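The values are calculated or read from the model by the stated rules, or taken from the named source; none is laboratory data. Since the structure is predicted, the reported quantities are computational estimates derived from the model, not experimental observations. We place every Cβ from the backbone using ideal geometry, glycine too, and count neighbours over all the protein chains shown. With ligands, DNA and RNA removed, areas are computed over all heavy atoms of the protein, side chains included. Shrake-Rupley method; radii C 1.70, N 1.55, O 1.52, S 1.80 Å.
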Amino acid sequence: MTPARQRPTQVVAHRGASEDAPEHTLAAYRKAIADGADALECDVRLTADGHLVCVHDRRVNRTSNGRGAVSALELSDLSALDFGSWKTRHPLGGRVEEPDWVHRPEDREATSVLTLERLLELVVDADRRVELAIETKHPTRWAGQVEERLLLLLKRFGLDAPGAAEESPVRVMSFSARSLHRVRAASPTLPTVYLQQFVSPRLRDGRLPEGVDIAGPSIRIVRSHPAYIERLRQSGHQVHVWTVNDPEDVDACIDLGVNAIITNRPRAVLDRLGR
């Protein structure tokens, strides 16, 4: 096969502009759009009462002032929590002397738990094209219900069945090949990305799970196995790399012709690309 057609490298804001603002909050995504990010990235989990929310960890302990598993909490429980003030705390205790982001308790929406529905509204209402990469988190007690609810929500926004994959402003990512298979079975034209922490021996030749066209290798793979990235591209796959924050890693990705750079620092990466 021929290499995937190359377009300008897309800059994707990982959990929003998450170096500057609390990850997965409206504040972080608003900043990412203002910074010029081409796309936003989010993780989704299903609450006990069936809502998709943007939270990375299985539990809310790290990124909120609450405790407990997302899957065991209802949306009303999560909505009562503060997902912003942790950003101003020093990891060893106390406060950061000059935080990059200022917590404003009066702006509840900016740091409340973010539903995927609200994030989709932000993307749809943007004054320019902003794409969205949605990662389904597995394993989870809700298993296939995550993909079912996701596709129903995308359908409400008219985003579940693009005419062609390259036209879609939304793509679904996962480390779970089974999750991506569920998405492809229900919506064949919705782009899917197979995330990779390490290179699986059975996929070293540049293949991906059946029906998946986009590889999502970690920056560790790019550093250690650049020839693998070349094989992916020669096999006709797009390559979306995470999480790329250092200038030398940005340069390596560009040299290898990757299609998307997923970063906590979208403005800095855009500057590095001369945009």
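Could you give the longest part of the chain that holds none of the GluC sites (Glu not before Pro) found in DSSP loops with at most 16 neighbouring Cβ atoms within 10 Å?
The segment 107-209 is the longest one with no such site.
Hey, what angle do you get for helix 26-35 against the long axis of the chain, alpha-carbon based, 0 to 90 degrees rounded to 10?
Roughly 50 degrees, rounded to the nearest 10.
As I understand it, the value is the acute angle between the Cα axis of helix 116-125 and the longest principal axis of the Cα atoms of the chain; what does it come to in degrees, rounded to 10?
70
Per 0.36 nm of contour for each residue apart, how much would the distance between Arg178 and Asp125 grow if the chain were fully extended, relative to their Cα-Cα spacing?
In short, 15.9 nm is gained.
Specify the angular offset, from 0 to 90 degrees and rounded to the nearest 10, of the alpha carbon long axis of helix 145-156 from the longest principal axis of the alpha carbons in the chain.
Helix 145-156 sits at roughly 90 degrees to that axis.
Express as a percent, rounded to the nearest 5, the fraction of DSSP beta bridges in the chain (both residues included) that run antiparallel.
Among the beta bridges of the chain, antiparallel pairing accounts for roughly 15 percent.
Only residues of the range 228-266 count here: report those whose backbone N is under 17 Å from the spot 7 Å along Cα→Cβ of Phe198, or say none.
Once the point is set 7 Å along Cα→Cβ of Phe198, 228 turn out to lie under 17 Å by backbone N, inside the range 228-266.
List the residues of the range 211-235 whose backbone N lies under 17 Å from a point placed 7 Å from the Cα of Asp205 along the Cα-to-Cβ direction.
Inside the label zone: 211-212, 228-235.
Which shape class, rounded, prolate or oblate, goes with the range 147-275 when its Cα gyration tensor gives a ≥ b ≥ c as root eigenvalues, a/c under 1.5 marks rounded, and past that a/b bigger than b/c marks prolate?
It is oblate, given that a/c is not under 1.5 and a/b is not larger than b/c.
On full extension of the chain, what length is gained from Lys155 through His225, given 0.36 nm per residue of separation minus the C-alpha to C-alpha distance?
Result: 21.4 nm gained on full extension.
Which entry in (1) 0.95; (2) 1.15; (3) 1.04 is this structure's computed Rg/Rh (Cα atoms, Kirkwood Rh)?
Only one listed value fits the structure, namely (1).
Under a Cβ-only charge scheme (Lys and Arg +1, Asp and Glu -1), can you give me the dipole magnitude of the chain about the Cα centre, in debye to the nearest 20?
The calculated dipole for the chain is roughly 760 debye.
Under the Karplus relation 6.51 cos²θ - 1.76 cosθ + 1.60, θ = phi - 60°, what is the ordered set of whole-Hz ³J(HN,Hα) values for the range 52-67, x standing for Gly and Pro?
Working through the residues one at a time gives 8, 10, 8, 9, 7, 6, 4, 10, 8, 4, 6, 10, 8, 9, x, 9 Hz.
Leaving out ligands, DNA and RNA, what percent of the accessible area of the chain is carbon and sulfur, probe 1.4 Å?
Values: 6200 of 12850 Å².
That fraction is 48 percent.
Which whole-number value in Å² is the accessible area per residue of the chain, probe 1.4 Å?
Ligands and nucleic acids excluded, the result is 47 Å² per residue.
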